[in-house]
Amino acid sequence: MQERAKATRRSLLEAAAQLFAEQGYAATSVNDISARSGRTSGAVYFHYTGKEGIALAVVEDRFATWSQLAAPYEDETVPPLERLVALSYAIAHDLAQDPVTRAGARLWAERTVMTAPVPDPFALWTAAATRLLAQARLAGHLNERVRPARTARTLVRAFFGLCTLTDALEGTNALDDRLTDWWHLTLPSLRPQPPRGNLPAAL
């Protein structure tokens, strides 16, 4: 019985996520979720207390759990900045391809239409990025002028803005290319600068 209840909850959540990602919170009804999932509307109210409850569950399931996504990138044999870059591509892939993550991002952007507070994912995201930048500093791989916490906050916000605008303007197929452009621009400012005496003479 417990496994059946888990399966019902999951099917409802995934159906709701698909609808929220496609058409947003306001345009999605409990009946829509019921029809997409093949479950009754009563099941939505039983497991999630309605549309808002299932919307919050969608956000919490993927979008607000940066720490779970970061776990595969804790291998300390890999330089921290390399792990930060690899993690960004993994997150971007989820934002582009995973319906639950896409729905979480859209629901967070539309949070003002909901009465309940929507979990803020950026504190966890920023903490993970801060940790990687701090490790890079300890390893001597970070520009001495870079402050990990402040820089992590800026990187996370810029990254999310890049993903959101690229999706809106060009579609998800362009995301890897735009992220590569962004890192080519950003990484040199994070890495240690060569001593001035080693800089090539101006032409």
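The values are calculated or read from the model by the stated rules, or taken from the named source; none is laboratory data. The shown structure was predicted, so the numbers you read here are calculated from the model rather than taken from an experiment. Counting neighbours? That spans all protein chains shown, and the Cβs are built from the backbone with ideal geometry, glycine included. Quick note on the areas: whole protein, heavy atoms, side chains included, nothing else; ligands and nucleic acids left out. Shrake-Rupley method; radii C 1.70, N 1.55, O 1.52, S 1.80 Å.
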List the relative contact order of the chain as a percent without decimals, with contacts defined as Cα pairs under 8 Å and 6+ residues apart. 20
Pulled fully out, how much extra length does the chain show between Arg111 and Ala134, if you take 0.36 nm times their separation in residues and subtract their Cα-Cα distance? 5.1 nm
Highest mean first, how do 85-96, 7-18 rank when packing is the count of other Cβ atoms within 10 Å averaged over residues? 7-18, 85-96
Which angle from 0 to 90°, rounded to the nearest 10, does the C-alpha axis of helix 175-190 make with the longest principal axis of the chain? 40
For a test of the definition: using alpha carbon positions, the gyration tensor, and the 1.5 limit on a/c, classify the stretch 83-202 as rounded, prolate or oblate. prolate
Per the C-alpha gyration tensor (a ≥ b ≥ c, the square roots of its eigenvalues), the chain is rounded if a/c is under 1.5, else prolate if a/b beats b/c, else oblate; here it's prolate
Accessible area per residue of the stretch 58-190 at 1.4 Å probe, in Å²? 53
Excluding Tyr73 itself, calculate the net charge of residues whose Cβ lies under 14 Å from the Cβ of Tyr73, where each Lys or Arg counts +1 and each Asp or Glu counts -1. -3
Using a 1.4 Å probe on the protein heavy atoms, what percent of the accessible area of the stretch 58-190 belongs to carbon and sulfur? 54
